[in-house]
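What follows is calculated from the coordinates using simple rules that are stated; it is not laboratory data. Please read all numbers here as calculations on a predicted model, not as lab measurements. Please note: Cβ atoms are built from the backbone with ideal geometry, for glycine as well, and neighbour counts cover all protein chains shown.
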Amino acid sequence: MTQTVTTDVSQSIRAARAPQTALHWQGDPQQIASDAAGIRDRLAELRSPLFLLEHAGGIGAASQGEFAADPALPRIAAWAPALLPSDLGDPAFRETYGLKYAYMAGAMANAIASEAMVIELGRAGMLGSFGSAGVVPSRLEGHVQRVQAALPHGPYAFNLIHSPNEPAMERRAVEIFLQYGVRTVEASAFLKLTPSIVYYRVAGLSQAPDGDVRIKNRVIAKVSRREVAAPFMEPAPAAILNQLLAEGKITAEQAALAARVPVADDVTVEADSGGHTDNRPLVGLIPSMLILRDEIQQKYRYPVPVRVGAAGGISTPAAVLGALMMGAAYVVTGSVNQACIEAGASAHTRNLLAQAKMTDVTMAPAADMFEMGVRVQVLKNGTFFPMRASKLYELYSRYDSIESIPAEEREKLEKQVFKHTIDEVWAECERFFAERDPEQLVRASSKPKQKMALIFRWYLGLSSRWSNIGEVGREMDYQIWCGPAIGPFNEWTRGTYLAEPANRRVVDVALHLLTGAAYQSRAHTLELQGMSFPIEVLQYRPEKPMVK
């Protein structure tokens, strides 16, 4: 049955079919709105149910009142229950980490996901993961202490990144996390399980008086492949447990308890994201991982199944809602956070991000896994970094040492890319790795190709630092990790106060994303009951700040 009216926006709202059972509404008729602004206001009153009523020959909206059986009262064409941003996602995720919202800001290396970002999110009841990848141990200890001082009871997380070329960094990070009682790590870029991540997990296991396994150290694994996700969803391998037992790092009881729990409590499905990514589509990745999770749960029968979250492309309310509707227990943002003022990124970088479109990203060699040919997704507009980094990997693949590179090519490197002589770059490498990972220098002393890799990694590593600190004169070398999600975010915020980089605050952005998702969820609930809305009602826009 089609309903039409002759006034206001209610002309554009129609019921495609009549409800199977007639319901009626009892309330104050003065509260009914039929214009676009009024209906938007009622829809935005998330704490109250929303009633769409047959009213004055059309459809009106009310957010107060109650159901009634009296046929003389206005008939309810559709309704949606109250839905707060804090209702979204899996309640168990919120409870496990002490959160108000099922929302996480993922780690961005070199402290781009900064102390300030983690602290602000934690105070708002959201989980922030400090970007500890690339941070030397002496600095990491200070970051841990300052975050813990600001959030003594949490919530917060620290990133543990897989470092196949620098295993000492991975081991030392775990030692620091255990020493200072960091209870949640976000494990990222892992190609396989390592003794370090298993040690962190199992060292926090104990048995409760009732026989249940107590889990003190929580792991949120960020993955993009089933073959990587599966080991995190399964109990720790016996071979690694036996190794840790032999080294005296865990007890026999902990090794036995490890067989009863998965390595990770949560697995974040990382789709087409900034930084390390396989560029997978989220719409295909989430269902695949949920099927895998269910297969593993059926086998092991954990008391608490592994939860699956969504990352990569989460930058608008529609993306948040879409991920949750596909079954994600929580959502994880990344690129949009680097554009916020709390990020450890320069104003120049944030301005570039605020202008970016969805297509303004590309892949470039990764500093931490350069020799393996691993690539990361970066911003390509406003910088020559992607082109120059790709040239370095081309030279690395073609030649066996710095000396074997033709003199003309070496001269171009020194003048156009390094802006230092190769000898000066190597001297800096020696100073850097002497503190960070001396084993790298030992290997380079006998392997010329490894020395070349370290020299090239000097540029790749510093390029992200230059972006973070706003190194003057190096703007065209800035390495800015970024996924295509930044484009839709800029489009969504265009014409609003959030279009200005200086107004982007990480908690404010998060609250708008979640509020918009709740708003649009209610609108879709009404649409599923046969209602059709004009665009100006369906759209959620960030009109004003939600935090001071």
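Checking the a/c ratio against 1.5 first, then a/b against b/c, what shape does the Cα gyration tensor give for region 10-134? It comes out prolate by the Cα gyration axes. What the Cα atoms of the chain give is an Rg and a Dmax of 26.4, 92 Å. The fraction of Cα-Cα pairs per 5 angstrom bin, counted from 0 for region 108-156, comes to 5, 26, 33, 23, 10, 2 percent, rounded to whole percents.
Bridging of LYS100 to lysines at a Cα separation below 21 Å is possible for LYS216, LYS548, once same-chain residues fewer than 8 apart are set aside.
Over all directions, the projected convex hull of the C-alpha atoms in region 388-450 averages 4.3 nm² in area. In summary, the convex hull built on the alpha carbon positions of region 416-473 has an orientation-averaged projected area of 4.2 nm².
Specify whether the C-alpha gyration tensor of region 351-487 places it in the rounded, prolate or oblate class, a ≥ b ≥ c being the square roots of the eigenvalues: rounded for a/c under 1.5, otherwise prolate if a/b is larger than b/c and oblate if not. Prolate is the answer for region 351-487, as a/c is 1.5 or above and a/b outweighs b/c. In loop segments of region 179-250 as defined by DSSP, the GluC sites (Glu not before Pro) with at most 16 further C-beta atoms inside 10 Å of their C-beta are GLU247. Our helix-only sum for the chain, with -39,500 (n - 2.57) per DSSP H run of n ≥ 4 divided by its residues, gives a mean residue ellipticity at 222 nm of -12500 deg cm²/dmol.
For the chain, averaging the sequence separation of C-alpha pairs within contact (under 8 Å, six or more residues apart) and dividing by the residue count gives a relative contact order of 15 percent.
For region 120-213, a/c is not less than 1.5, where a ≥ b ≥ c are the root eigenvalues of the C-alpha gyration tensor, and a/b does not top b/c. That puts it in the oblate class. Remark: relative contact order (region 315-418) = 15 percent; criterion is Cα-Cα distance under 8 angstrom and separation of 6 or more residues. Looking at region 467-515, the trypsin sites (Lys or Arg not before Pro) that sit in a DSSP loop and have at most 13 other Cβ atoms within 10 Å of their own Cβ are ARG494.
Shown here for region 149-207: trypsin sites (Lys or Arg not before Pro) in loop regions (DSSP other than H, G, I, E, B) with at most 15 other Cβ atoms within 10 Å, namely LYS192. Using every pair of distinct Cα positions in region 148-300, the Kirkwood expression returns a hydrodynamic radius of 16.2 angstrom. Charge tally around GLU95: other residues with Cβ under 15 Å, Lys/Arg +1 each, Asp/Glu -1 each, net +1. Pairs from the list LYS249/LYS447; LYS391/LYS447; LYS419/LYS447; LYS222/LYS415; LYS415/LYS451 with a Cα-Cα gap above 31 Å: LYS249/LYS447; LYS222/LYS415. This model, with +1 at the C-beta of Lys and Arg and -1 at the C-beta of Asp and Glu, gives region 385-501 a dipole about its Cα centre of some 220 debye. Whole-Hz Karplus values for region 109-120 come out as 4, 6, 6, 5, 7, 8, 4, 4, 5, 4, 5, 4 Hz, taken residue by residue from phi with 6.51 cos²θ - 1.76 cosθ + 1.60 and θ = phi - 60°; glycine and proline positions read x.
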